[in-house]
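> I am attaching a structure below and will ask some questions about it afterwards.
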Amino acid sequence: MQAQPVADPEGRYGVRDERLLTGATAITAVRTVASVVLAALAAHEQSLTLLVVALVVYWVGDMLDGFYARVRDCETRIGAVLDIMCDRLNAAAFYIGLAWLQPDLSPAIFVYLAEFMVVDCFLSIAFLAWPVRSPNYFFVVDRPLWLWNWSKPAKAVNSALFAVLLLVTGWMWLGLAIASALLVLKCVSLHRLAAIGLPVPEVRG
C-alpha cells in the first residue's frame, strides 16, 4: 500500500527553516521540568494531590506549547520531536509515581506505558520520514492513521481517558482493558504504517 499525500500548494504543513530555540520549545522545557519536579515531590511526600497537579501542569503545558507554536507560526520538526520526547518523560514521571502510590494499579499502568512509550513513540516520530512539520499534519500522508492517532479525539483518548478513569474510579481492570485496547490500536496502526512503507532517503556521495 502506497500513501498518496494530499496536495499542499500553500506549504502550510511542509518543512521550513529549523531552529531549536523558539517560544514553543521554551514552554515545552519549562512545563517538562515543572511537571517532573512536582511528580518527584509527590512521590517523596506520598501525595496524590501533588501528583495530580503534576499531571495538570503536563497537560496544560502540552496544549500551550502547541497553541503558541501555531499562533506565532514557529512550528518546527525539532520542536515536534522535543515535544514527543518530553511527553514521554512527563507521562513516565506521573505513571511511575501513581504506581508507587497505588501499587494495585501497576498492571494497567505498565501496559499503558508499553503502548505510549514504545509503540506510540515510534508511530509519532515516523512523521520525520515525510516533509511535514509534525504528526498533527500526518493527514497529508495517510488520513486513517492521523484519525486513529493524532486527531483531537484520538489524542484525548490516548492521553486523558486512561489517566482520568484510573484516578476517578481506581479500577485496575478497567484501566487494564483500556490500556490493552490502546495497545491493540497502536499495533494495528504500526502494521498500516509498515504497509505504507517509510520513504528511504537517498545516500549522497
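> So for region 133-151 (the condition being among the aliphatic types (A, V, I, L, M) and over 17 Å from the mean Cα position of the chain (by Cα)), does at least one residue qualify?
Scanning region 133-151, I find at least one residue that is among the aliphatic types (A, V, I, L, M) and over 17 Å from the mean Cα position of the chain (by Cα), so the answer is yes.
> Being open to solvent by less than 70 Å² (accessible area, probe 1.4 Å) and either at positive phi or without any contact (Cβ under 8 Å) to a residue 24 or more places away in the chain (or both), is that true of even one residue in region 79-93? Write out each step before concluding.
Within region 79-93, the first condition is being open to solvent by less than 70 Å² (accessible area, probe 1.4 Å), and the residues that meet it are 79-84, 86-88, 90-93.
Next, from what is left, pick out any that are either at positive phi or without any contact (Cβ under 8 Å) to a residue 24 or more places away in the chain (or both): none.
No, because not a single residue in region 79-93 is open to solvent by less than 70 Å² (accessible area, probe 1.4 Å) and either at positive phi or without any contact (Cβ under 8 Å) to a residue 24 or more places away in the chain (or both).
> Select from region 100-116 the residues that are within 15 Å of the chain's Cα centre (by Cα) and surrounded by fewer than 17 Cβ atoms within 10 Å (Cβ to Cβ) and list them in ascending order.
From region 100-116, those within 15 Å of the chain's Cα centre (by Cα) are 112-116; that's our starting set.
Result: 114, single match.
> Can you pull out every residue in region 115-146 that is of a type in the set (D, E, K, R) and within 27 Å of residue 19 (Cβ to Cβ)?
Residues of region 115-146 of a type in the set (D, E, K, R): 115, 120, 133, 142-143.
Residues satisfying the conditions are 120, 133.
> Identify all residues within region 24-53 that are touching a Cys at 6+ places or on another chain (Cβ under 6 Å) and either assigned to a loop (DSSP other than H, G, I, E, B) or at pLDDT below 95 (or both); write none if there are none.
Hit for region 24-53 is 24, nothing else.
> Is region 150-170 home to any residue that is open to solvent by 20 Å² or more (accessible area, probe 1.4 Å), closer than 19 Å to residue 66 by Cβ, in contact with a Ser or Thr (Cβ under 9 Å, 6 or more places away or on another chain) and not β-branched (Val, Ile, Thr)?
yes
> Please go through region 117-143 and give me each residue that is within 14 Å of residue 180 (Cα to Cα) and either modelled with pLDDT under 95 or open to solvent by less than 20 Å² (accessible area, probe 1.4 Å) (or both), ordered by number.
120 - this is the single residue of region 117-143 that is within 14 Å of residue 180 (Cα to Cα) and either modelled with pLDDT under 95 or open to solvent by less than 20 Å² (accessible area, probe 1.4 Å) (or both).
The values are calculated or read from the model by the stated rules, or taken from the named source; none is laboratory data. Predicted, not measured: the structure shown is a model, and the values here were computed from it. Counting neighbours? That spans all protein chains shown, and the Cβs are built from the backbone with ideal geometry, glycine included. The protein model used for the area step is the full one, side chains on, heavy atoms only, and it has no ligands, DNA or RNA in it. Shrake-Rupley method; radii C 1.70, N 1.55, O 1.52, S 1.80 Å.
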